[in-house]
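A quick write-up on the structure given underneath.
What follows draws every value from the coordinates through simple rules; no lab data is involved. Nothing here was measured: the structure is a model prediction, and the numbers come from that model. All Cβ positions, even for glycine, are placed from backbone atoms using ideal geometry, and neighbour counts span all protein chains on display.
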Amino acid sequence: MVLRWFLGPVSLCILLSLLDGSRAVLGAPTDKPLEASHSLLDGFASAATALKLFSGVVSVTSRETVFSKAYGSEVIESEAPLQTGAIFPVASNTKLFTAVAVHQLIDRGIIAWEDPVSKYMRPADFNRTVAFCPHVHAADTNSKATNSACDTPSVRQLLAMSSGIIDLASCPRSDWEAEDGYCLQTNRYQYPFNLTDFRHLAEGDASPAFWFSVAGAYDAPLRFRPGSQFDYSNTNFVLAAYLVEVSSGMSYGEYITKYIMKPAELGETIYDTSFGFKGITKGTLQGNGYAVTFIGSDKAENVNAHTSPNQPTELVQGSVKRALALSGEGSGAGGAGAMQSSAADMTRWYQTILTKPHVLNLSTAAVERILTPTTHIRRNTWYGQGIFVMPAAGFPYNISFMYHPGSFWGYRSLMALQMDRQDASNSQILAVLANRAIETEPPEGSGQACQVRDKGLRIGLTVPCADIQSFLLVEMLQLGLGLPGAESLLQSADIQRIVPCHWSSNSLQGVERIYSSSHDSAA
């Protein structure tokens with residue numbers, strides 16, 4: 001079984017859209033450079049759409065929406081145009097919902113933040129007779145032997161991606177062979193299935209405890225001592241969803257609907273692990289998203305990285321097809337990636353957490369816990385609780401930026417918020433939801449830069465060969481929030497020249513590079 005949900009930070013991903021489509025919905029911002037930046041955002045997204053690189057919805061909101069536009073098609077086969085209110089799987093942007101749910105229960109005194117997760121785990125739920133008692137893998141050179149019988153992570157470490165628990169969505173990992181014996185994808189570890197399990201798996205409502213067990217996470221050693229480092233593992237939030245269930249006496253979906261979606265008035269947000277198996281919700285995109293493959297041109301003169309390293313290698317579109325996924329994977333995503341929502345609802349979700357947490361019965365202290373930089377990743381980038389954050393003194397909650405990307409079955413999502421220094425309600429929020437994933441197969445010997453062209457339309461984009469999708473996402477972020485660099489792009493009349501070629505293939509570094517320069521210049 002191969003799981004293809006959510007994302008790891010090395011593969012943060014997503015975006016872009018339609019040449020000369022309908023006009024963007026622009027408000028009347030007082031900041032003329034920002035308005036100009038949004039105009040360029042529209043042109044960039046439109047060109048990317050025409051080149052088959054993007055299909056989705058992009059919106060930018062402060063107190064009101066200042067930019068909102070749909071690009072591309074809902075169904076490629078019929079060219080049915082996307083609408084701005086379309087509901088997409090948001091993948092790893094589910095994690096913030098799960099973090100909020102856990103902190104609601106912490107506020108109510110039902111869960112304690114520093115408790116070991118084993119305190120809330122009933123062995124029978126995992127088809128076990130002994131308590132969860134993980135140990136750090138002996139080969140972990142960053143960990144010291146402990147005197148305790150178990151190296152069990154705390155609830156805080158679970159939500160902060162520092163638990164050491166293996167990731168069921170990215171097994172096997174080549175950097176640690178010892179994990180393979182427990183990895184879901186190797187099939188070496190067998191959960192004792194029965195007919196009921198198979199039915200729940202097929203219908204997409206297998207429990208978080210089932211998935212935690214079938215991943216081998218109950219028995220696998222920890223990758224490192226809990227709290228000692230960052231490791232993006234979706235299993236953390238699958239187990240967090242279980243904590244919500246066992247602590248509330250409700251299923252995760254029931255809890256999220258009653259205590260989060262309804263009070264926050266998220267009418268275009270659903271939790272559907274069956275992904276339509278039990279009925280399509282109005283407005284949701286049906287089926288898997290699309291995987292678009294770009295390959296090196298078969299014309300030898302265009303594969304020129306060896307002879308002309310400064311000349312980009314030309315890529316041409318290979319295939320467009322539905323992303324491959326299994327029907328039961330939605331329940332595996334669970335609290336780590338099974339939410340679906342619209343751009344407007346995701347924006348409202350961020351606004352609610354920051355400015356109206358009381359409607360969620362969430363304390364200000366809980367919001368501070370969620371946004372506190374807990375696990376350091378690199379430079380000024382940290383993981384809070386279900387969200388990436390960049391700390392800065394003097395801003396609300398002492399953070400200047402928060403964001404999270406997502407990836408699932410041909411869908412991509414990005415939520416980003418640039419905090420207003422004086423008033424969180426004035427913060428800018430970018431939402432990008434896409435139903436197209438980009439895969440590239442650059443020719444052997446290609447350099448860093450590749451060029452995607454459409455000679456009929458006489459446009460092209462020069463992009464990093466290794467990670468087109470992440471590059472597009474970061475460009476959207478830059479233009480949507482008017483961060484430094486947008487001004488220089490505005491001076492270019494040739495859309496082919498607006499895209500720099502020297503970006504890192506790791507989009508986490510790209511986001512950090514852009515935002516850090518913005519914060520430094522503001523200071």
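Tabulated data
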item: Cβ-Cβ FRET estimate between H135 and K258, R0 fixed at 51 Å, reported to 0.05; result: 0.85
item: Bins of 10 Å, starting at 0 and running to the largest distance - Cα pair percent for region 205-276; result: 16, 41, 30, 12, 0
item: Vicinal HN-Hα couplings computed from phi for region 407-412 (Karplus, 6.51 cos²θ - 1.76 cosθ + 1.60; Hz; Gly/Pro x); result: 8, 6, 6, x, 9, 9
item: Stokes-Einstein D in µm²/s, Kirkwood radius over Cα pairs - region 327-433 at 20 °C with 1.002 mPa s viscosity; result: 146
item: FRET efficiency estimate (nearest 0.05) - Cβ-Cβ, D219 to N398, R0 41 angstrom; result: 0.55
item: Hz values of 3J(HN,Hα) by residue in region 58-68 - Karplus curve (6.51, -1.76, 1.60), Gly and Pro given as x; result: 10, 9, 10, 9, 10, 6, 10, 6, 10, 8, 8
item: Under 5 Å, built H, 5+ apart or other chain: amide partners of F88; result: S341, S342
item: Amide proton proximity set for A392, modelled H, under 5 Å, gap of 5+; result: I399, S400
item: Net length gained if the chain between R379 and N361 were fully extended (0.36 nm per residue, minus Cα distance); result: 3.1 nm
